[in-house]
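A short reminder: the numbers here are calculations on the coordinates, not readings from a lab. These numbers come from a predicted model, not from an experiment. Glycine also receives a Cβ, built like all others from the backbone with ideal geometry; neighbour counts cover every protein chain displayed.
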Amino acid sequence: MPYSILGLMGSPRMGGNTDILMDALLSHAQALGAVTEKLRLYAMRFQGCIECGGCDHTGVCVLQDDLTPVYERLLQADYVVAASPMFFYNISSQMQALVERSQALWVSKYRLNGLVKRQKPGQAVFIGIGATRGKSLFDGAQRVMKYFFDALDMRFAGSLLYRGIDAKGEIKGHETAMADVKRLAEAMAKGERIEF
Ligand SMILES: Cc1cc2nc3c(=O)[nH]c(=O)nc-3n(C[C@H](O)[C@H](O)[C@H](O)COP(=O)(O)O)c2cc1C
């Protein structure tokens with residue numbers, strides 16, 4: 001059975017830095033036999049959690065939109081890679097909306113004894129890209145992703161973080177980024193435990 005990778009592309013800029021890294025990762029993994037899927041979050045129509053309580057007794061979100069079929073894929077993927085540019089020291093708003101919608105799975109895990117949950121172990125990786133170079137640039141985003149991946153019941157394997165990247169496509173000139181994602185793709189295609 002090939003291993004599956006679900007890529008969550010959280011930048012509005014198609015062909016931008018996040019998009020480039022995600023494509024490099026997924027195409028390399030696919031060439032090595034993995035089954036890959038890329039979700040361009042900004043090409044999808046959905047909103048964040050509206051706090052209606054509709055999932056309180058079912059663990060299933062009642063909103064019907066482009067995220068509705070995604071829950072199943074989040075639960076079935078062997079690997080989830082969430083990639084986002086830093087916007088005001090956090091993930092992008094569309095990525096944040098997706099994170100909020102995992103509340104239904106959080107409810108399932110912590111309030112409903114795992115009524116809706118993944119049936120096999122999974123690992124998750126965060127890729128963050130920002131223009132500035134501050135030490136704390138990714139702190140907020142990484143904390144959010146930690147709780148997101150916990151709601152998905154996945155092991156948060158770690159992050160690939162790139163500072164000082166701003167112009168569209170600049171990531172291609174980064175010293176290690178393209179090689180980093182290719183190495184990650186190789187490990188995922190083999191079903192390995194991801195370590196950073
Ligand atoms: C609305 C907005 C907010 C941003 N906020 C930050 C920020 O807080 N810190 C930072 O380092 N870069 C910030 N940036 C720069 C982007 O993170 C950077 O240009 C990144 O490379 C964009 O990646 P992309 O091409 O994948 O969209 C911001 C850019 C935009 C458009």
Reachable aspartates and glutamates, given that their alpha-carbon falls under 18 Å from the alpha-carbon of LYS120 and they are not under 8 places away in the same chain: GLU72, ASP78, ASP150, ASP153, GLU192
Could you give me the ³J(HN,Hα) list for the range 38-53, computed from phi with Karplus coefficients 6.51, -1.76, 1.60 and θ = phi - 60°, whole Hz, x at Gly and Pro? 10, 9, 8, 4, 7, 9, 10, 9, 6, 10, x, 5, 9, 6, 8, x
So what is the calculated 222 nm ellipticity per residue for the chain, using -39500 (n - 2.57) for each DSSP H run with n of 4 or more, over all residues, to the nearest 500 deg cm²/dmol? -10000 deg cm²/dmol
At 0.692 mPa s and 37 °C, Stokes diffusion of the chain via Kirkwood alpha-carbon radius, µm² per second: 195
Likely footprinting exposure, MET1, MET14, MET188, fewest C-beta neighbours within 10 Å first: MET1, MET14, MET188
Could you work out the relative contact order of the range 4-189, using alpha carbon pairs under 8 angstrom and six or more residues apart, expressed as a whole percent? 29
Quick one: which residues, 5+ away or cross-chain, put their amide H under 5 Å from the amide H of PHE87? H built at 1.01 Å from N. SER92
Subtracting the Cα-Cα distance from 0.36 nm times the residue separation, let me have the gained length for ARG183 to GLU51 in nm, one decimal. 43.6 nm
Go through the range 58-133 and name the chymotrypsin sites (Phe, Trp or Tyr not before Pro) that are in a DSSP coil and have 14 or fewer other Cβ atoms within 10 Å of their Cβ. PHE88, TYR89
Of all DSSP beta bridges with both partners in the range 4-189, the antiparallel percent, nearest 5, is 5
Which of LYS109/LYS135; LYS38/LYS172; LYS135/LYS172; LYS117/LYS172; LYS146/LYS172 have a Cα-Cα distance over 30 Å? LYS109/LYS135; LYS117/LYS172
What does the C-alpha gyration tensor say about the overall shape of the range 1-53? Classify as rounded when a/c is under 1.5, otherwise prolate if a/b is larger than b/c, or oblate. oblate
